[in-house]
Amino acid sequence: MPDEKWDDWRWQLSHRINSLDEVAQVLNLTDEEKAGLTADDKFRVDITPYFASLIDPDDPNDPIRRQVIPLGREQQAFTAMMEDSLAEDRHSPVPGLVHRYPDRVLMLVTTQCASYCRYCTRSRIVGDPTQNFNSRDHEAQLEYLRRTPQVRDVLISGGDGLTLAPKLFEKILRGLREIPHIEIIRIGSRVPVFLPQRIDDELCTMLEKYHPLWINLHFNHPNEITPEVSRAVDKLTKAGLPVGNQSVLLAGVNDCVHIQRALVHKLVENRVRPYYLYQCDLVEGSGHFRTPVGKGLEIIEGLRGHTSGYAVPTYVIDAPGGGGKIPVMPNYLISYSDHKVILRNYEGYITTYEEPEHYQKHDQSTCAYCQHERPEPGQSGVLGLLEGERMWIEPKGFEDIHARGNTEAHRLQDPSKWVPFGVGAIEGKAARPLPVLKDGVNLDTERAATDTNAGIVEAGDVESQEARNGSANGSAAGAPNDKVPYGPGEEPRPREGEPTASAHGELL
Ligand SMILES: *Cc1c(COP(=O)(O)O)cnc(C)c1O
Ligand code: SF4
């Protein structure tokens with residue numbers, strides 16, 4: 001294929017592959033994929049040649065393949081399955097406009113996408129040209145917005161607005177910008193993932209005219225971030241759009257801490273901010289992609305603190321029945337049994353998410369990301385418990401540190417975590433008595449200089465210093481005395497009513 005064609009988004013769109021024959025030309029299909037591709041009333045299949053080129057033709061578990069090639073089992077119904085699980089149709093004052101939150105709306109401008117994701121939450125309308133929205137619908141949506149001044153944020157989605165004819169898309173942006181109370185416009189699009197060629201200079205120059213404009217993309221796996229995608233994202237950020245990402249947690253695609261960490265690292269490297277990680281919706285066709293909620297919690301636990309805060313998305317469940325996105329965290333997670341999760345949204349709406357009955361666990365033995373996990377002390381803690389390496393962790397370092405010779409001071413074994421700059425390297429305990437500051441004056445230096453403060457340091461010091469060094473023979477567990485310099489972490493608690501010394505910068 002000549003590059004001019006491959007790099008032309010119009011060529012990519014008009015050469016999408018969808019039939020069994022076409023797909024079989026580029027992938028070695030399994031029987032279940034053949035069944036999926038020939039099923040009668042399946043959700044639409046269409047894959048850009050670019051996206052198909054990222055698939056390993058011989059790996060039936062390829063994470064990109066699983067997102068776009070149907071399996072026979074996607075036809076299987078499951079408990080709590082719904083056609084419109086977020087009750088969007090019920091919350092639509094005009095066709096395509098979902099007004100669920102007080103100050104923002106979702107505006108569906110088309111049902112068409114560049115390729116189709118098997119787990120699509122809007123598969124009831126998406127991909128169906130007979131249910132598409134036209135200019136008259138767009139005008140009705142704009143008219144609703146003109147007379148609804150509480151709306152300050154409009155989220156353009158679909159389908160995918162960036163598949164519309166450029167002129168038509170611009171007309172929608174212009175219409176929104178003419179409404180004074182609309183502060184921000186956001187675009188939700190998977191075009192930069194399926195069709196990065198579409199993000200060209202012409203598009204970016206057009207978008208720039210309608211700021212403040214934000215964009216959320218939809219990456220699920222690090223394999224989706226190619227040089228083409230990096231170029232597309234770079235153009236968007238240069239055009240001044242903050243770029244975010246919304247992922248869906250999918251069994252067999254990204255239900256793995258190590259895959260998710262690799263994904264978010266690649267995203268922030270490309271200046272894309274992970275925004276949401278969605279629990280897979282209870283929508284027809286997505287049964288085999290669903291994971292337990294505990295999997296999402298485990299992933300967030302494996303990211304938070306272990307990597308940049310910028311790289312950690314918020315894990316949300318879009319409320320079945322239409323309560324909006326609910327973060328899976330205290331205050332919102334009310335209760336949890338072996339098959340149901342009870343949640344409440346910001347308004348007090350209470351809903352349940354039914355856990356999948358048949359979750360096929362992520363196979364760590366064949367996952368390259370698990371095999372090359374980042375060595376990281378501390379990861380073995382709670383994750384070790386989750387993975388069954390251990391059953392409990394005994395608390396350490398809570399002993400009376402003086403009585404026990406301070407061999408295991410709580411939290412302080414790794415000095416790099418706590419030694420204040422300038423105090424010096426200390427292997428878990430003070431190598432020498434640290435200076436005691438009183439009213440900002442270093443008493444030790446003062447004493448050495450003038451030799452008039454000798455009374456401050458008493459014989460007891462030697463004894464308690466031995467206790468600190470762990471060389472005490474048991475009898476030297478002298479009670480701390482407030483004239484004694486203590487090593488970091490060894491300070492006695494302040495007396496009742498006394499301010500803590502460190503809070504006043506008195507004692508290092
Ligand atoms: C996701 C969504 C929004 C935007 O929600 P944020 O949490 O602000 O990103 C608005 N309306 C609907 C119907 C949505 O589904
Ligand atoms: S890009 Fe979005 S709307 Fe389109 S098929 Fe995928 S999930 Fe559905």
Pick out the one residue from VAL293, VAL243 that is at pLDDT 95 or above and out of contact with any Lys or Arg (no Cβ under 8 Å at 6 or more places or on another chain).
-> VAL293
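Would you pick out the residues in the stretch 329-378 that are under 22 Å from GLY285 (Cα atoms), acidic (Asp, Glu) and touching a helix residue (DSSP H, G or I) at 6+ places or on another chain (Cβ under 7 Å)? Even if it seems obvious, please write down each step before you answer.
Residues of the stretch 329-378 under 22 Å from GLY285 (Cα atoms): 339-341, 351-362.
Right, trim to acidic (Asp, Glu) and you get 354-355, 357.
Residue satisfying the conditions is GLU355 alone.
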Candidates THR130, THR110 - the one that is away from ligand 1 (no atom under 16 Å from the Cβ), crowded, with 22+ Cβ neighbours inside 10 Å and without any contact (Cβ under 8 Å) to a residue 60 or more places away in the chain | THR110
Answer with yes or no whether ASN220 is modelled with pLDDT of 95 or more, surrounded by fewer than 22 Cβ atoms within 10 Å (Cβ to Cβ) and either more than 16 Å from ligand 2 (Cβ to nearest atom) or within 18 Å of ASP160 (Cβ to Cβ) (or both).
-> no
Of the residues that sit in the stretch 308-338 and are assigned to a strand (DSSP E or B), over 11 Å from the mean Cα position of the chain (by Cα) and closer than 28 Å to GLU373 by Cβ, which one is farthest from ligand 2 (Cβ to nearest atom)?
-> TYR336
Qualifying positions in the stretch 144-171 - over 15 Å from LEU207 (Cα atoms), of a type outside the set (Gly, Ala, Ser) and either without any contact (Cβ under 8 Å) to a residue 40 or more places away in the chain or within 16 Å of ligand 2 (Cβ to nearest atom) (or both) = ARG146, ARG147, PRO149, ASP160
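Every residue, every condition in (1) crowded, with 17+ Cβ neighbours inside 10 Å; (2) among the polar types (S, T, N, Q), yes or no:
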position: ARG136; (1), (2): no, no
position: GLN150; (1), (2): no, yes
position: SER157; (1), (2): yes, yes
position: ASP160; (1), (2): yes, no
position: LEU176; (1), (2): yes, no
position: ILE182; (1), (2): yes, no
position: PRO196; (1), (2): yes, no
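Going by the structure shown, is PHE133 within 16 Å of ligand 2 (Cβ to nearest atom), in a helix (DSSP H, G or I) and either polar (S, T, N, Q) or not assigned by TED's automatic domain parsing to the domain that holds PRO49 (or both)? Outline the logic, then answer.
Values: within 16 Å of ligand 2 (Cβ to nearest atom): yes; in a helix (DSSP H, G or I): no; either polar (S, T, N, Q) or not assigned by TED's automatic domain parsing to the domain that holds PRO49 (or both): yes.
The answer is no for PHE133.
Only one of these is touching a Ser or Thr at 6+ places or on another chain (Cβ under 9 Å), within 25 Å of TYR119 (Cα to Cα) and either assigned by TED's automatic domain parsing to the domain that holds TYR359 or not in a helix (DSSP H, G or I) (or both): LEU263, LEU277. Name it.
Values: LEU263 fails: either assigned by TED's automatic domain parsing to the domain that holds TYR359 or not in a helix (DSSP H, G or I) (or both).
Within the list LEU263, LEU277, the selection yields LEU277.
Condition first: closer than 28 Å to TYR119 by Cα, within 16 Å of ligand 1 (Cβ to nearest atom) and hydrophobic (A, V, I, L, M, F, W, C). Now tell me which residues in the stretch 178-222 satisfy that. Show your work before the answer.
Narrowing the stretch 178-222 to residues closer than 28 Å to TYR119 by Cα: 185-199, 213-222.
If we keep only those that are within 16 Å of ligand 1 (Cβ to nearest atom) too, we end up with 185-190, 213-218.
Passing the criteria: ILE185, ILE187, LEU213, TRP214, ILE215, LEU217.
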When ALA140 is evaluated against the numbered criteria (1) more than 27 Å from the chain's Cα centre (by Cα); (2) away from ligand 2 (no atom under 13 Å from the Cβ); (3) of a type outside the set (S, T, N, Q); (4) not in a helix (DSSP H, G or I), which criterion, by number, is the only one it fails?
-> (4)
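Going by the conditions given, is LEU97 more than 24 Å from VAL193 (Cα to Cα) and within 16 Å of ligand 1 (Cβ to nearest atom)? Reasoning before the result, please.
On the way: more than 24 Å from VAL193 (Cα to Cα): yes; within 16 Å of ligand 1 (Cβ to nearest atom): yes.
Yes; evaluated as a whole, the condition is true for this residue.
The values are calculated or read from the model by the stated rules, or taken from the named source; none is laboratory data. This structure is a prediction, so every number in the text was calculated from the model and none was measured. For neighbour counting, all protein chains shown are included, and Cβ atoms are generated from backbone atoms with ideal geometry for every residue, glycine included.
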